[in-house]
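Have a look at the structure below, then the notes.
The values are calculated or read from the model by the stated rules, or taken from the named source; none is laboratory data. Just so you know, these numbers come straight off a predicted model, no measurement behind them. Neighbour counts are summed over all protein chains in view; Cβ atoms, including those assigned to glycine, are modelled from backbone coordinates with ideal geometry. When the accessible area is computed, the model is the full protein with side chains, heavy atoms only, and any ligands, DNA or RNA have been set aside. Shrake-Rupley method; radii C 1.70, N 1.55, O 1.52, S 1.80 Å.
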Amino acid sequence: MLNIKCPWCGERPEVEFRCGGESHIQRPGPHTEVSDEAWANYLFYRDNPKGVLFERWVHSGGCGEWFNVARNTVTHEILAVYQMTDPKPVLEDPKE
Amino acid sequence: MSAYRLENGGYIDRSQQISFQFDGKKLSGFQGDTLASALLANHVDVIGRSFKYHRPRGILAAGLDEANAIMQIGSGAESSPNLKATQVELIEGLQARSVNAWPSLKFDLLAVNAVFKRFLPAGFYYKTFMWPDWHWFEPAIRNAAGLGKSPDQPDPDIYDKRSADCDILVIGGGICGLMAARLAAESGANVLLVEVDSAWGGSALCWPTLIDDSDAASWCASTVAELHQKPNVVVLNRTMAFGYYDHNLVGLVQRLVPAQSDGLTPRERMWKVRAKTVVLATGAFERPLVFPNNDRPGVMLASAGASYVSRFGVAVGRKVLIATNNDSAYESAFVLKEAGVDVVALVDARASAASEVTQRAQDMGLVIISNSTVTNVKGSSGLRSAEVCELNADNQPVAKSRRSIQCDSVLTSGGWSPAVHLFSQSGGKLKFDDETQAFVPKRSVQNEISIGAAAGIFELGASLAHAQDRIGTVLKSLNLSAKPTETSVSKHAGLGAIKSLWSVEGEMLDRPGAKAWVDFQNDVTSSDVKLALRENFRSVEHVKRYTTLGMASDQGKTSNVNGIGVMSVELRCDPGDVGTTKFRPPYNPLTIGAFAGRRVGENLNPLRPLPSAARQIELGAKLEDYGGWHRPAYYVERGQSEHECVSKEVLATRNSLGLFDASPLGKIEVFGPDAAEFLNRIYANNMKTLKVGRCRYGLMLNENGIIYDDGILARIAEDHYLVGTTSGHASAIADMLQEWLQCEWVHLDVATSNVTTNWAVMNVNGPKARALLEKFDSSFDFGAHAFPHMHFREGELEGVPCRIQRVSFSGELSYEVSVPWGYGASLFDNIMVLGEEFAIQPFGVESLMTMRIEKGFLHVGSDTDGMTVPQDVGFGRIVEKKTDDFVGRRSIMRPDALRSGRRQLVGLDVTDGGDALPIGGHVVDQGQSPPTASRGWVTSSVFSPTLSKPVALGLVEGGADRIGDEIEIWDLGTRRRARIVAPGAYDAKGERLHV
Ligand SMILES: [Zn+2]
């Protein structure tokens, strides 16, 4: 079980949070100009990296705030926690 | 076996006799015994039958590595299956049964399996499932499979859970673990020390040890007592660390009472511990030697033989032969010899042990047989002799050299495997160490250290020095320090120079039928492992699954590394190249109760009560779970069916007045300058144009365009809406609104608040609803023009803040009257009292559903499914007109959403004169029966009390264009006929709403 550092509440156990999947997904629009393919990409296509994944979490059992997490999908190490509106941080590729 | 209780010695209290039962036989032991030691002391040699061949088995080990002595403990509801006799503390009246023996231990019918042994090689089940027909074998296999029995009554015990944080979690209360805990405690760190056993001391319980010239037992006792005194230390024995999870979370299960609960004390407590650093002092497991018939009762681990003497005052035999490939068995031999047991020979696979160890053995008069190993055991009832052979330079037994040595038990040591389970679960990587012939920790991933035998250091003096050094480093990293103490410990044999000797096969001695066991609990022999390799299962993970090696409840504690060793010999590689299988939690089997904790029975999924809950029970409501709420389905009348009760409620409401506690309705306040813009993006229909004081039905989609929820929205002010959701979706939608606001539309100035349980809602329903509400002392004008249908008003009712929406799900004049939750019960009561003159009738969810089906209102989740888009339920024009984007907008423009022939919601009018249509019945083409294409199905159906005929709704392919068509409905062999009509059998024009 992960130990996640909520930007507002500090370190709390994973059970207090809910993962919202990959972050930094751009919702395409306006709807009248989006191709079926672009819309399908937005809805269904996600990266599945062995390594760093940028995802959004919400402190659902706490303050209710959403934030971004950079997590290593192999070691589950959390490399960064940052605000929803912040850009993707540049992280060094953790080598084995 | 000729085990017996020694006159002296052991940490047992011979003055406290304890009686217990084994397979119905009355026996007795002493305070401090385990079930295993007591059984040995009572000369019980066969304690179970093996899983596959039902061979008789005896006790193998003295701790949780036990593979054979699997017991059913207790009876009735308190019965626990599959406990290891070596872990069960003896208590008065304990009842134990052997498992896997039928009909009895002495006479086991299934032992015939052993006769047909050649039919059950590795992969037998896989091959059998394919050829020729699994059912030939099924009855026999089913009868043979399975170990203990789970109790068939609810568990009467209480289980607890708690979470804890600490700086340093020390797992293992042996000498190294205690030393580590003491140093950590002195530094001021918050320390949690756990030991799975009831007793402290680890290996010192097996091999007597002097620490600072005092007996290890008293050193342990004083150290533990000292730690107990410290405010920064928590000390728990009988507590197992069962799993090592992400971010240094360790799961513990603490046994609070040895066996039976008093109904107040929890039986077990599960701890979830988050530690800054974990110290793994988990020790090591001895490996048995693998040779033909090594599974016979009377063949045990050497250290177990020593443990039974040192800890329990039990000698495992009168004439004991010890076979080894390392020095540690010498230490065990010394223990037996000093207790007066006749050690007939020490058979060593090597030329010699370390010189000081050999010297000590000679001084004690032990007979050492070098360069030899045990190759068989004999005796029909109990061991009579062991066969010993010399080993040649290639480690092969020399058949000609075989000789028989009289003995009644054989103790073996094939080396030691550090208990790296938790280390490996933490993500740590292992390596095979040639010098110790063991898998040892190589590289850590999480914050943990291994010390003592768990680190592959088997000599106590060296272990302690290493442990103190490593703890020092940990403390430094926490900005703490403690001064290591000079501690002298008595010298032990240690491991010495171990020689690899993975297995001796029957084939080597021209006895191909004689099997050598690797995994005792799952009956896996070395020839099974070799067969798997011959069939080209090369990966250790594949060999494990094909042979079932290490897959029994002991998880291969004594067998995994031996299996890897056998593989390495056959594959001519290093055991490190074979590698280990993945270590997974739990380290040792656990009770399910420990995981469930208090979440059992009603606490598993607690239902929320209505504000009028107490009154509902008085009124005879049949309460059921609706979306997590405990709500009345209907009100039970004696001698009447559910349908009769529902009909009465419906007719009373339609004719005069009904009351429904609608408090679970979702209520979310949405405020802010951008509230209208935000809700317009959330709902499929236009929410910007809603006027203040008005209500509007809203349809909500998910981003895939599928109908997700519906409800009534009220605009309280320009910048303030009250969003209504279905009862089951309230919190999910509150969360969803925030997700959109925080993650996507971050610049919208909107705040939301879920007020579902702030407001109780009483739904007053029926033609007399207005007359009833006018009887209240309130600030509202209920006049038809002052307060029309689909309007919202705020005010006071009997001096209490009140919100009223004039909306209807029944088709009648209807008001949803909201007051603060705490006033809900009294509002319900007041309505019932004032409603007496209108013969008011409380009604339940089933009656509301009947009325909405009569009215043709859709119910999301009943009349829609995971494919239903707004166009399918008559919302095509509305969404077409809306030019703005909204959630799911682009998805309902996909070709599939726009195609004709989609399933659409329609009304169904029964034309065959029958009763209500079956819900789920399929629409089929004229005259067709399954297998045939389904053209849709019935989604909602009742016999209408109002219209005295069946009414139904359904999703039918192209339904909207087929109004008037007659269709056939097929359900479980019956065929029904109905006509497609527009939804809304009752008051289609809505005249009853606008009164
Ligand atoms: Zn938080």
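Interface residues of the stretch B:727-763, defined as a loss of at least 40 Å² in heavy-atom accessible area between the chain alone and the complex of all protein chains with a 1.4 Å probe, are B:Glu739, B:Gln742, B:Cys743, B:Glu744.
Can you give the FRET efficiency to the nearest 0.05 for B:Arg545 and B:Ser444, using r as the Cβ-Cβ distance and R₀ = 30 Å?
Working: r = 29 Å, r/R0 = 0.95.
In this case the efficiency is close to 0.55.
A crude spin-label estimate for the pair A:Thr85 and B:Ala164, with each label 7 Å from Cα along the Cβ direction, gives 4.4 nm.
Mind checking the per residue accessible area of the protein assembly as shown for me, 1.4 Å probe, whole number of Å²?
Numbers: 46010 Å² over 1091 residues.
Per residue, the protein assembly as shown has 42 Å² of solvent-accessible surface.
The overall shape of the stretch B:666-754 is rounded: from the C-alpha gyration tensor, with semi-axes ordered a ≥ b ≥ c, the ratio a/c is less than 1.5. Legend: residues in the stretch B:874-919 shielded by at least 40 square angstrom of accessible surface upon adding the remaining protein chains to the isolated chain (1.4 Å probe, heavy atoms) are B:Asp885, B:Arg890.
Given Cβ point charges of +1 (Lys, Arg) and -1 (Asp, Glu) and nothing else, what value in debye, to the nearest 20, does the dipole of the stretch B:932-995 about its Cα centre take?
Working: 9 positive and 8 negative charges, 34 e Å.
Dipole magnitude for the stretch B:932-995 comes out near 160 debye.
Pull out a ≥ b ≥ c, the square roots of the eigenvalues of the alpha-carbon gyration tensor of the stretch B:852-900, then state rounded if a/c is under 1.5, prolate if not and a/b is larger than b/c, and oblate in the remaining case. If you can, show how the numbers build up before the last one.
Numbers: a/c = 2.11, a/b = 1.66, b/c = 1.27.
Here the stretch B:852-900 falls in the prolate category.
Over chain B, dividing the summed -39,500 (n - 2.57) contributions of all DSSP H runs of at least 4 residues by the number of residues returns a 222 nm mean residue ellipticity of -6500 deg cm²/dmol. In angstrom, the C-alpha Rg and Dmax of the protein assembly as shown are 37.2, 114.
Of the residues B:Gly601, B:Thr591, B:Gly579, the one whose Cα sits farthest toward the positive end of the charge dipole of the stretch B:563-611, with +1 on the Cβ of Lys and Arg and -1 on the Cβ of Asp and Glu, is B:Gly601. Take the alpha carbon gyration tensor of the stretch B:877-987, find the square roots of its eigenvalues, order them as a ≥ b ≥ c, and report rounded if a/c is under 1.5; if not, report prolate when a/b exceeds b/c, else oblate. Because a/c hits 1.5 or more and a/b fails to exceed b/c, the stretch B:877-987 counts as oblate.
When the charge dipole of the protein assembly as shown is built from unit charges on Cβ atoms (+1 for Lys and Arg, -1 for Asp and Glu) and taken about the Cα centre, the candidate among B:Gly188, A:Pro89, B:Leu501 whose Cα reaches farthest toward its positive end is B:Leu501. Give me the log10 of I(q) over I(0) for the stretch B:408-452 at q = 0.14, 0.17, 0.34 Å⁻¹, as the Debye formula computes it from C-alpha points; what are the numbers? Evaluating at q = 0.14, 0.17, 0.34 Å⁻¹ gives log10 I(q)/I(0) of -0.40, -0.52, -1.29.
Surface composition of the stretch B:242-342: carbon plus sulfur atoms contribute 47% of the solvent-accessible area (1.4 Å probe, protein chains only, all chains present). The calculated pair-distance distribution of chain B uses every alpha carbon pair, bins of 20 angstrom beginning at 0, and gives 12, 31, 23, 24, 10, 1 percent.
Computed from the Cβ-Cβ distance with R0 of 41 Å, the FRET efficiency linking B:Lys25 to B:Arg403 stands at 0.60.
I'd like the carbon and sulfur percentage of the solvent accessible area for the stretch B:657-794, probe radius 1.4 Å, heavy atoms only, ligands and nucleic acids excluded. Provide the component values of the computation, followed by the final result.
Numbers: 2300 of 4700 Å².
Ligands and nucleic acids excluded, carbon and sulfur give 49 percent.
Among the protein heavy atoms of the stretch A:3-83, carbon and sulfur supply 46% of the accessible surface, probe 1.4 Å, non-protein parts ignored.
Which net charge results for the neighbourhood of B:Ala62, defined as the other residues with beta-carbon distances under 11 angstrom from its beta-carbon, given Lys and Arg at +1 and Asp and Glu at -1?
On the way: positive: B:Lys84, B:Arg311; negative: B:Asp65, B:Glu66, B:Asp197, B:Glu286.
Result for the local shell: -2.
When the pairs B:Lys84/B:Lys544; B:Lys276/B:Lys476; B:Lys431/B:Lys483; A:Lys5/B:Lys667 are compared against a 20 Å limit on Cα-Cα distance, B:Lys84/B:Lys544; B:Lys431/B:Lys483; A:Lys5/B:Lys667 fall above it. Estimated from the Cβ-Cβ distance and a Förster radius of 60 angstrom, the FRET efficiency linking B:Asp925 and B:Asn237 is about 0.25.
Counting protein heavy atoms only and a 1.4 angstrom probe, how many square angstrom of accessible surface do chains B and A bury in total, to the nearest 100? Mind dumping the intermediate values first?
Working: alone 41440 and 6940 Å², together 46010 Å².
Separately minus together, B and A give about 2400 Å² buried.
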